[in-house]
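Report on the structure given below.
The values are calculated or read from the model by the stated rules, or taken from the named source; none is laboratory data. Model, not experiment: these values are computed from the prediction. Here the Cβ positions follow ideal geometry from the backbone for every residue, glycine too, while neighbour counts run over all protein chains shown. Note: accessible area is taken over every heavy atom of the protein model, side chains too, but ligands, DNA and RNA are not part of it. Shrake-Rupley method; radii C 1.70, N 1.55, O 1.52, S 1.80 Å.
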Amino acid sequence: MRQGDPTSLFLFVAVMEALSRLIDKAGEAGVFSGIKLPNDGPMLSHLLFADDALIIGDWEESNALHIIRISRCFHVCSGLKINLGKSNLIGIGVDGLEVEALAEVVGCKPDSLPFKYLGLKVGANMNRVNNWRPVYDIFESRRALWKSAMMFIGGRVTLIRSVLESLPNYYFSLYKAPLKVVKDLESLIKKFLWGAEGRVRLLDGISRLCDCFRGSVGRGDNILFWLDPWLMEVPLKEAFPKLFALEVVKTCSVRDWLLGVWLWKHEPDMVDELAELSALKEAMAPDCLIDRMDDWKRTPDHSGLFSVSSVKCVLEGVNNNISNYVVEWCKWVPIKCNVFIWRAELNRIPTADALRRRGIVVGDEACPLCKLEIESVEHLFASCVTAVVLWQKISRWLSNSSHLCIFI
């Protein structure tokens, strides 16, 4: 049979069934003793997963030696040999020196709990968050391969549904995850959805709470260059709006920008753009990165002191635009269209009105279609003369259509 033949897997399973029967026969003859499960459970002696074998039994030297003899008989009959050099011997409730001595007799390596088997931790307390580190690492490794800031949001939604949401299913099928693990994984998915490599950020006035804090740069990988207040009392996007408008990766970190990992839409060439670039270079220290973690320092209020009441005033002044209306996604249109309507309902699309509130200079703020009012979500989709005429024509076309043709 050639290598890679799809029927070879079925042949291998059939051959491993022979090994399973050998171990069962040894148990019936009293040569090998497995573990009796409580509450009138079955006798557990082995678990086979394709080419992986987990053999379980009482801690006796004769038990281990009989398994070695069974594997030799299996090798003579089938030609398949267990690689003892890659096998581990683990004793539960047994002294480590005794495990090492028996492993030397058998010819395998000694091991102890917890150990990793088929990608899972066995014998670890899975109620502890740090034992879920492999799942976090898998998430981070996948996200590191994808530059979310360079993807359309529809592509991010597809990757989340098809990859990220299914990654922890293997662990979840066997262990009950702590609530913090679930929330952390959901947080990582949200960061990837909104294009933030370090943490979730909104580019509008909901971020007013940041006015109470100022970033203290260490390594610079957890503070956003344009969106966080770190060099000045206000974020650099407000101090240098022309340069911020030219920036492609608006969520780049301080470290990325200082190391040159950024991209202009075009090189600054206008007089005001060059003036802002000169002022920015003058404001930044030659080398502001130091070998420590980034942190945040509280800024005092007008009285010179920091108080809880000042933070409360900021929070109460935040304009909460969250609506109780729930957008129902349509499966007949592309994902990007659904996302666009959802963002429009939340007032999260870059209209002239929204950009002005975010501190971005856009010049003429009038609607490009009618030139009568400021461009906003409500105006573009409801009150604009062009939009009203368009909706009327669509409504008339739908009312005149007696049937629909669907091509599959």
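At pLDDT 85 or above, among the hydroxyl-bearing types (Ser, Thr, Tyr) and either surrounded by 13 or more Cβ atoms within 10 Å (Cβ to Cβ) or over 28 Å from Tyr171 (Cα atoms) (or both): does that describe Ser78? First the steps, then the outcome.
On the way: at pLDDT 85 or above: no; among the hydroxyl-bearing types (Ser, Thr, Tyr): yes; either surrounded by 13 or more Cβ atoms within 10 Å (Cβ to Cβ) or over 28 Å from Tyr171 (Cα atoms) (or both): yes.
No; evaluated as a whole, the condition is false for this residue.
Residues Tyr136, Tyr170: which one is of a type outside the set (Val, Ile, Thr) and closer than 21 Å to Leu54 by Cα? Spell out the reasoning first.
Numbers: Tyr136 fails: closer than 21 Å to Leu54 by Cα.
None of the other options fit; the residue is Tyr170.
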Point to revise | Matching residues in the stretch 132-166 - criterion: being surrounded by 15 or more Cβ atoms within 10 Å (Cβ to Cβ) and assigned to a loop (DSSP other than H, G, I, E, B) | key: Trp146, Met151
Practice item. Would you kindly identify the helices (runs of 4 or more DSSP H) lying entirely within the stretch 299-378 that contain at least 2 residues that are surrounded by fewer than 16 Cβ atoms within 10 Å (Cβ to Cβ) and at pLDDT below 70? Key: 308-317
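In the stretch 379-392, which residue that is farther than 17 Å from Leu346 by Cα and not aliphatic (A, V, I, L, M) is surrounded by the most Cβ atoms within 10 Å (Cβ to Cβ)? Write out each step before concluding.
Filtering the stretch 379-392 down to residues farther than 17 Å from Leu346 by Cα leaves 383-392.
Now drop any that are not not aliphatic (A, V, I, L, M), which leaves 383-384, 386, 391-392.
On the way: Ser383: 14, Cys384: 20, Thr386: 12, Trp391: 12, Gln392: 10.
For the stretch 379-392, the residue satisfying everything is Cys384.
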Point to revise | Selection within the stretch 341-357 - closer than 27 Å to Ala239 by Cβ and in contact with a helix residue (DSSP H, G or I) (Cβ under 7 Å, 6 or more places away or on another chain) | key: Asn347, Ile349, Thr351, Arg357
Review point. Which pairs do you get when a residue that is closer than 12 Å to Glu267 by Cα, found in the stretch 239-252, comes within reach of a residue that is open to solvent by less than 10 Å² (accessible area, probe 1.4 Å) and modelled with pLDDT of 80 or more, reach meaning Cβ atoms under 7 angstrom, with the pair 6+ apart or on two chains?
Key: Leu243/Leu280; Glu247/Trp226
**Study point:** Residue in the stretch 191-212 that is at pLDDT 85 or above, assigned to a helix (DSSP H, G or I) and among the acidic types (Asp, Glu) present
**Key:** no
Study note, to complete from the structure: Glu17 passes all but one of the listed conditions (1) under 41 Å from the mean Cα position of the chain (by Cα); (2) over 14 Å from Ile70 (Cα atoms); the exception is number (2)
Exercise for review: Search the stretch 78-89 for residues that are touching a residue at least 24 places away in the same chain (Cβ under 8 Å) and pair each with any residue that is in a helix (DSSP H, G or I) when their beta-carbon atoms are under 6 Å apart and the residues are at least 6 apart or on different chains.
Suggested key: Ser78/Val15; Ile82/Ser71; Leu89/Ala103
